[in-house]
Amino acid sequence: MAANLLLTMDGWITGSGSAGNHAHKYDNDAGLWSAISDANEYNGGLSTTSLRAHKGGWDGNRWYTISGTGGLHAYTPTTDSWVGPLVSGTVIIPATSNTHQWCMCSDGAYVYILSDSNDLRRYDPSIDQLTSLASPPGSAYANTMFLSYDGSGSIYGCRGGDNPSLIGKYNIASNSWTTLPSGGWSTQFQGGAGGSFRAGSWPAFLQGSLWLLFCDQTDVFRVYQYSPSGNIWTTKATSNSTAGIQASSPGGENTDSTILVWRNDALGGYVYNIVMDVWTGAGVPPVSFTEGTNFAITRVFSPAIVWYQADGVSQLPITVNLGSGVLNQTLTFHARVKTPVGRAAGVTVSVPVNISSDAATVVGVSSVVNGPFTTSFVTGALNPGDEFDVYISLTISSSQTLGLSKRFFLEVS
């Protein structure tokens, strides 16, 4: 499998599209940008002054986007090539699709497409066919609309334009939606009005929770965490000053604990860490994401890794209490991890950072119950849907008056 990549399209190009490469990839592992092949269908002959945020979809093999003439196209990273328009050449949303809102996600078998022109539909790559599905709650569409697959049979989705906004959970098996409770985001989330297209969103389902990251109408990045087990929302940290940020600058989850967002002016970006609940700076992209006065189509190349508790069914919460302990006692925890796509070279599970406010206790991981425990291990080859064990161990190494509170995070790459 290729490196963990974020794929972007720089926008609807005006005129002949002669401004150079318009499709890029960001290597999350190396922190480097480079160009990928362009598809002429995306870059030529379309002139527009509209601003829209579009989000493509990744099914484990191909990256899907909709062209400026409304056709569905797919990019294969291993061959650096495009195919389309798919669905036998059908225009699946109206031509000049830059004036329409749309987004996608995939469960590894199908690609789900939500748009303001035909609601929710499912694309089947095996037979090149679209099927209409039940629509998410709400009635108004905006550039905050999103779909996010949770790795275990459900999709979180939002039309984005209602005030207060509504987010639903879609059960794939029953083709039905359940509306989630409201939260602090509900009245801040609708898309920009009067030409302002702030309030773009970068949702991600990571480590058992839905993370709703968006830019509000005052250019402030906000984050809210939805816990399915408790059916509650938690308000998380806001970013530092984000003056100049526009809603549709590209971004997305790049590991199973961080979400990236770049400015649309090529001056840099931001990283949000879901475990530490902190924001840090991100690297500078190679281009300004404003080609053709429209912005990037973005999606993460690597599908989400899903963490479970030992039973392989209950998703692992963001915080786990290992119980009380005494000096020199070893505390352990057993988790299971599922990958939705095959990974011939396996994956690396690591503890990249140990952060401790009150002890230097080292955290170790292992693929077997009794270790050895080290800072990382590599699995064998994985097939789509495979699960593997992660055993976590720490030995209390110093006496604590108030008890040990150890904060750390794990990473799969």
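The values are calculated or read from the model by the stated rules, or taken from the named source; none is laboratory data. Note that this is a predicted model, so its numbers are computed, not measured. Counting neighbours? That spans all protein chains shown, and the Cβs are built from the backbone with ideal geometry, glycine included.
Within 25 Å of Lys338 (Cα to Cα) and over 20 Å from the mean Cα position of the chain (by Cα): does that describe Ala140?
No: the conditions fail for Ala140.
Starting from the stretch 141-152, take each residue that is closer than 26 Å to Val313 by Cα and list its partners that are buried (at least 24 other Cβ atoms within 10 Å of the Cβ) and charged (D, E, K, R), counting only C-beta distances under 8 angstrom and pairs at least six apart or across chains.
Sorted first by the residue in the stretch 141-152, then by its partner, the pairs are Phe146/Lys55; Leu147/Lys55.
Within the stretch 52-97, track down each residue that is surrounded by fewer than 22 Cβ atoms within 10 Å (Cβ to Cβ), more than 22 Å from Ile127 (Cβ to Cβ) and modelled with pLDDT under 85.
If the condition is that a residue be surrounded by fewer than 22 Cβ atoms within 10 Å (Cβ to Cβ), more than 22 Å from Ile127 (Cβ to Cβ) and modelled with pLDDT under 85, then Thr69, Pro77, Thr78, Pro94, Ala95, Thr96 are the ones that fit.
Just one of the numbered conditions (1) at pLDDT below 80; (2) within 19 Å of the chain's Cα centre (by Cα); (3) outside the structural domain of Ile66 (by TED's automatic domain parsing) is not true of Thr298; which one?
Answer for Thr298: the failing condition is (3).
If I filter the stretch 260-269 for residues that are out of contact with any Cys (no Cβ under 8 Å at 6 or more places or on another chain), at pLDDT 85 or above and part of a strand (DSSP E or B), do I get at least one hit?
There is no residue in the stretch 260-269 that is out of contact with any Cys (no Cβ under 8 Å at 6 or more places or on another chain), at pLDDT 85 or above and part of a strand (DSSP E or B).
Say whether the condition of being touching an Asp or Glu at 6+ places or on another chain (Cβ under 8 Å), within 24 Å of Ser209 (Cα to Cα), outside any loop (DSSP other than H, G, I, E, B) and modelled with pLDDT of 70 or more is met by at least one residue in the stretch 322-334.
yes
Mind checking which strands (runs of 3 or more DSSP E) fall wholly inside the stretch 196-253 and carry at least 3 residues that are under 29 Å from Ser152 (Cα atoms) and at pLDDT 70 or above?
204-206, 209-215, 221-227, 232-235
Do any strands (runs of 3 or more DSSP E) lying entirely in the stretch 84-189 carry at least 1 residues that are closer than 18 Å to Gly56 by Cβ and hydrophobic (A, V, I, L, M, F, W, C), and which ones are they?
Output list reads 102-106, 111-115, 119-124, 129-132, 141-149, 154-160.
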